[in-house]
Every structure is written in C-alpha cells, then in structure tokens.
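Student: Below: one structure in structure tokens.
None of the figures in this text is laboratory data; all of them are computed from the coordinates on show. Predicted model, so just to flag it, every value in this text is computed and none were measured. Please note: Cβ atoms are built from the backbone with ideal geometry, for glycine as well, and neighbour counts cover all protein chains shown.
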C-alpha cells in the first residue's frame, strides 16, 4: 500500500466542523445554540424574489462554501448545484467526503445529482452569511427542507501544535503579511502570498511543477481544520485511519493567519501539472515542518446536521 495518496475530491464550490446524516422523513427539531455567524448576520432572512429551474451549469456569483471568501454582488445570487451543496452552504457546514456519501445513500438520488439553477435578488449590501440565511428560507419554502442538529460523539482527528508554543514558518499571523485590499502578488513575492485573494482556499502546482501547494490568507484554525479532510488519505494501517474523519481545531491559536503548505503527491493528480517526486515531503510531513501542526486520532462531540424531510421543488 502506498504511504501517501492525495485526495483530489474538493467539492466544486463547497469547502465549524459539522457533518450530515439522515433521519426518518418526519419534521424534528432540537434546541441548540444559534451560531455566532448567524446571530451576526441577522437570523431569519428571505430573498426579495427567487426562481428555481433545472438547468445547465452556470457560473456562481460567489463560492458556495463555508469560507468567508466573498465579493459583493449587488444583491445578485446565481448558482447551479445539486440540493446537498445548497444545504451545506446555507448552514455553513463542511462535511467530509464520506459523510456526504453516507447522507446521499439514505436520500432520494436526485438530491445529489440533479442540478438546480437558483436566481434570486436581495438588497445590494447583502453579505455572504446573509445570503446563507436567505437560502435557508428558500430551501424550507420550495424544497420543504426540514433539518435539526444533534450532538454526537464520533472519531475525530485533532489538529494540534507539533511542538508546544511553536508554529512553522508558513503559518503566519495575517497582520504580518499584505492586507486583503492590497495587490499582493508580483513575480518577486508570489510564492510568499499564495493565494492572491483572502478568505478562501486555493490549490495549484508550484512554479517548477515539482509539488502541489495549498494555501489561504486571512483564515482561521477552525477553517483550516475543516479544509484538511479534503486533501489527504493516510496509508493503510496509519494511526489516522479511518481515513476520512472530521478534523477539529485544538491548536489553541486564535486570530487570523496566512497559511501555505507545499508537498509532493505520490502520483499525478488530474488537473495539476506536477511530476511526482519520490523524495519530496508527504502531506503530513509538510504540515509538521512547514506549519508546525499535526493530527492526532481522538473522539469527541460534533454538531451533526440531520435531514428530516425534503421534496422536489416546483420550478418557476
């Protein structure tokens, strides 16, 4: 069995650790603390007008993921995805690949396959989190979506410091780097500020095509933890098995950071022109040496989003 394998399963616009499960198709509710992001956004909101149609792929007006990457759209919302993508966006969750597959196995097949184009209008100053609340309302109204949250004890990976009180050279406070509103990339410093935009995660080949790199600017440790399961599958027999566990932040690091990690995949990765380097660092080795972080198997509580009911929408 290979000692390092890369999972290139990054959902098109979808990268808080929260999973997804299914329940009998009956409405249920469960008391839980309202997330801080939802309180800040304003709780319940609705679009001024919205249409839903089955249709071809369109360019979304912004990434439908759990990050804060967002460019104001003047209130315009356009996207074309299966329902499960809209759900993860609306509730700001980041299920692992296997969690998503487990959810789809117990839902009607169309939930994960049929793409729906949603075009909607909101006030011009609507934020990304406010769009989430509007999509929540739309899903409840048009797809008859009913969900609740449960706390469950599950197998996890804990993201911790490899050495107490010390971080790696590629994990830097965002305040020490270029601000988000500045043009950060030039030929002289491009490698140091990848990616050029803030809040979202990006992956590309290094300029010499020897390694892959992924990074984010102005991100947080919980967002980094949520992103990690989409990048790596440990070797069989590794202490990290089962391979796709949720990752929780236990670094104790507060604030916002710029993150950059470079590693050598074991084989060619579709979409990336990288020649495998047999002596290059594995993802886990690179994470330890470049970020000063490691993953430890553990168990703990996470909030699980449970789908109680869903129906096909009436198109308009």
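Student: Shape of segment 49-91 from its Cα gyration tensor (a ≥ b ≥ c, root eigenvalues): rounded if a/c is under 1.5, otherwise prolate when a/b > b/c, or oblate?
Tutor: oblate
Student: Can you tell me how segment 40-185 classifies by the Cα gyration tensor, rounded, prolate or oblate, using a/c under 1.5 as the rounded cut?
Tutor: It is oblate, given that a/c is not under 1.5 and a/b is not larger than b/c.
Student: Oh, and also: Rounded to the nearest angstrom and ordered from largest down, what semi-axes does the equivalent ellipsoid of segment 95-168 get from its C-alpha gyration tensor (root of 5λ)?
Tutor: The three semi-axes for segment 95-168 are 32, 22, 13 Å.
Student: Also: Which order do 46, 262, 311 fall in if you start with the one that has the fewest other Cβ atoms within 10 Å?
Tutor: By the 10 Å Cβ count, ascending: 311, 46, 262.
Student: Taking 0.36 nm per residue of sequence separation and subtracting the Cα-Cα distance, how much length would be gained by fully extending the chain between residue 37 and residue 296, in nm to one decimal?
Tutor: Contour length minus Cα-Cα distance gives 90.4 nm.
Student: If you rank 254, 68, 277 by fewest surrounding Cβ atoms within 10 Å, what's the result?
Tutor: Fewest-to-most ranking of 254, 68, 277: 254, 277, 68.
Student: What ranking do 307, 57 get, fewest neighbouring Cβ atoms within 10 angstrom at the top?
Tutor: Going from sparsest to densest Cβ surroundings: 57, 307.
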